[in-house]
Ligand code: OOB
């Protein structure tokens, strides 16, 4: 029996659910069932590549089924939550598919997350297990997972990939080939929660976004069609595969639902990525703007790697500068597809056959005819055709609320169920969206979303700070980086290095750490007495324009 999770889940209305089913967007089946149908038809086709490891669809399905059986043998039950923090290796795919098959619900944490974020996610979801790499990029994930398991009574199982030590469960064994008869598995149904994605951070620590089997399957299928995927597609997962972009827009799941081949790569660093594209004849991949820029720089330096197989480079997560966008096709020889998406649902894409000007200067339009988008002013009134406004959305793959977050839901969703994305957009005459700014207190560090509130709270906690305000400072590579303005208590002292060291000690992901500290006597306030972030952003932007933002 699959135990559906119902508490804390905000469903779509009856009427909408019926509409989405009638339109065929919701197929009413589990992602596992959809994927296994593809696997049955593509048995001998390569499904997954990670270095020297190559699995056909038949092998991937058999391994994932065996892993599913082993998860159940451990005592995990359908509906139980498993915190998954794995880098881009074959384990990630096998374990995720095993979860989708059995109804164990993975929470897709990023490899960069640390104690603060992981403890929060485990507690909020009441996770019964955690899957981590042993040591990754010099960080001992197994030690941290053990520490969390000691502190949190629900967190019973620690699964470790690539060298499990003392007492933990070896994920290499869990994900190894089948032995004996395949386990008997009951399929979850289409409306059950398939997985949790993490919010890019608006206020506070990441919120959980429950995605059902049928909405997420549609997300992956629809974006696969819009990106021109087919059975011949070879997709390179170079961004973290646990992020919505590389997971299902169309990413790993869209590729597998199309019968193509997924290539896992641990880092998007240009030399390795280019060698992999050439070796595996990659046709599609997805990157953030800063990575696109590094790839183009490598080409300009004359790197002779054969990228001729590359058809589509998706760029998203943050706004790519128009000038940079225009250089993609000349330098990389492929079509650019801009993707403006969010873990909360709505995916906008430029179309592969759009005129170059649309591709290079807009962030595209909703991928599904079921997507509803409105641009409104601060009072919620629709804006005129040429005006910019706050983007609201709802649709067949945009959930109606965060999981277990009533208070935030009251702010983030309108009573009619529109999600307030916090993005400020305008629509071009031909109907494409241009992202012009945002009305949410995050810093978009090259696609990594940093909650200003978390940075400020930590600053109060770890330093003698009387007042703190985190704002975005402009950066030529990442678009934005974190700058912290702080007023210290009398007699206190603080520098950037010690602030970063103390925040790291507190267990926060490295990308959240401020990269500039501006000590001041006073922080500007608005007329109602709130911190004037606009003034601070302008102040740091002036420093940047004057070339005064070198190491500080
Ligand atoms: C993707 O998802 P998240 O959840 O990490 O972040 C969503 C936010 C958006 O609300 C927007 O503020 C920003 O990231 N964003 C963009 C953008 N793509 C995302 N801002 C400007 N231009 C773009 N192209 O970032 C995400 C999820 C699925 C696919 C692609 C990106």
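The values are calculated or read from the model by the stated rules, or taken from the named source; none is laboratory data. Treat the numbers as computed from the prediction; the structure is a model and nothing was measured. With ideal geometry, Cβ positions are generated from the backbone for all residues, glycine too; neighbour counts draw on all protein chains shown.
Taking residue 82 as the residue in question, decide whether it is in contact with a strand residue (DSSP E or B) (Cβ under 9 Å, 6 or more places away or on another chain), in a helix (DSSP H, G or I) and closer than 20 Å to residue 213 by Cβ.
The answer is no for residue 82.
If you go through region 328-340, how many residues are away from the ligand (no atom under 14 Å from the Cβ) and in a strand (DSSP E or B)?
The number of residues fulfilling the criteria is 1.
Residue-wise test of (1) closer than 28 Å to residue 322 by Cα; (2) within 12 Å of the ligand (Cβ to nearest atom); (3) at pLDDT 95 or above; (4) surrounded by fewer than 23 Cβ atoms within 10 Å (Cβ to Cβ).
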residue	(1), (2), (3), (4)
342	yes, yes, yes, no
346	yes, yes, yes, no
356	yes, no, yes, yes
367	yes, yes, yes, no
371	yes, no, yes, yes
375	yes, no, yes, yes
389	yes, no, yes, yes
446	yes, yes, yes, yes
456	no, no, yes, yes
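Return the residues of region 103-132 that are touching a helix residue (DSSP H, G or I) at 6+ places or on another chain (Cβ under 7 Å) and assigned to a helix (DSSP H, G or I); say none if nothing qualifies.
Scanning region 103-132 gives 115, 118, 119, 122.
Kindly list the number of the only condition in (1) assigned to a strand (DSSP E or B); (2) in contact (Cβ under 8 Å) with a residue 60 or more places away in the chain; (3) within 29 Å of residue 530 (Cα to Cα) that fails for residue 393.
Tallying (1) assigned to a strand (DSSP E or B); (2) in contact (Cβ under 8 Å) with a residue 60 or more places away in the chain; (3) within 29 Å of residue 530 (Cα to Cα), residue 393 fails exactly one: (2).
From the set of residues in region 300-322 that are crowded, with 19+ Cβ neighbours inside 10 Å and away from the ligand (no atom under 16 Å from the Cβ), which is farthest from residue 234 (Cα to Cα)?
Only one residue tops the list, namely 307.
Which residues, counting only those in region 521-539, are part of a loop (DSSP other than H, G, I, E, B), touching a strand residue (DSSP E or B) at 6+ places or on another chain (Cβ under 6 Å) and touching a residue at least 12 places away in the same chain (Cβ under 8 Å)?
Correct list: 523 only.
Which condition number does residue 325 fail, the rest of (1) more than 16 Å from the ligand (Cβ to nearest atom); (2) closer than 21 Å to residue 429 by Cβ being met?
Only one criterion in (1) more than 16 Å from the ligand (Cβ to nearest atom); (2) closer than 21 Å to residue 429 by Cβ is unmet by residue 325, namely (1).
Of all residues in region 540-552, how many are out of contact with any helix residue (DSSP H, G or I) (no Cβ under 8 Å at 6 or more places or on another chain), on the phi < 0 side of the Ramachandran plot and in a loop (DSSP other than H, G, I, E, B)?
Here is the first cut: in region 540-552, the residues out of contact with any helix residue (DSSP H, G or I) (no Cβ under 8 Å at 6 or more places or on another chain) are 540-548, 550-551.
From what is left, the residues that are on the phi < 0 side of the Ramachandran plot are 540-546, 548, 550-551.
Now drop any that are not in a loop (DSSP other than H, G, I, E, B), which leaves 546, 548, 550-551.
Summing the residues that are out of contact with any helix residue (DSSP H, G or I) (no Cβ under 8 Å at 6 or more places or on another chain), on the phi < 0 side of the Ramachandran plot and in a loop (DSSP other than H, G, I, E, B) in region 540-552 gives 4.
So which residues in region 252-294 are within 16 Å of the ligand (Cβ to nearest atom) and within 15 Å of residue 49 (Cβ to Cβ)?
252, 255, 284, 285
Would you pick out the residues in region 287-309 that are in a loop (DSSP other than H, G, I, E, B) and either under 18 Å from residue 435 (Cα atoms) or touching a helix residue (DSSP H, G or I) at 6+ places or on another chain (Cβ under 6 Å) (or both)?
Result: 288, 305, 306, 307.
Among the listed residues 266, 246, which satisfies the condition of being surrounded by 24 or more Cβ atoms within 10 Å (Cβ to Cβ) and either part of a strand (DSSP E or B) or in contact (Cβ under 8 Å) with a residue 24 or more places away in the chain (or both)? Write out each step before concluding.
Numbers: 266 fails: surrounded by 24 or more Cβ atoms within 10 Å (Cβ to Cβ).
Answer to the check: 246.
Would you confirm whether or not region 180-188 contains a residue that is in contact (Cβ under 8 Å) with a residue 24 or more places away in the chain, within 22 Å of residue 241 (Cα to Cα), surrounded by 16 or more Cβ atoms within 10 Å (Cβ to Cβ) and away from the ligand (no atom under 16 Å from the Cβ)?
Looking for residues that are in contact (Cβ under 8 Å) with a residue 24 or more places away in the chain, within 22 Å of residue 241 (Cα to Cα), surrounded by 16 or more Cβ atoms within 10 Å (Cβ to Cβ) and away from the ligand (no atom under 16 Å from the Cβ), one finds none in region 180-188, hence no.
Could you list all residues from region 422-439 that are out of contact with any helix residue (DSSP H, G or I) (no Cβ under 9 Å at 6 or more places or on another chain) and within 14 Å of the ligand (Cβ to nearest atom)?
Answer for region 422-439, where residues must be out of contact with any helix residue (DSSP H, G or I) (no Cβ under 9 Å at 6 or more places or on another chain) and within 14 Å of the ligand (Cβ to nearest atom): 423, 424, 425, 426, 433, 435, 436, 437, 438, 439.
Just one of (1) modelled with pLDDT under 95; (2) away from the ligand (no atom under 11 Å from the Cβ) trips up residue 401, so point out which.
Among (1) modelled with pLDDT under 95; (2) away from the ligand (no atom under 11 Å from the Cβ), residue 401 violates only (1).
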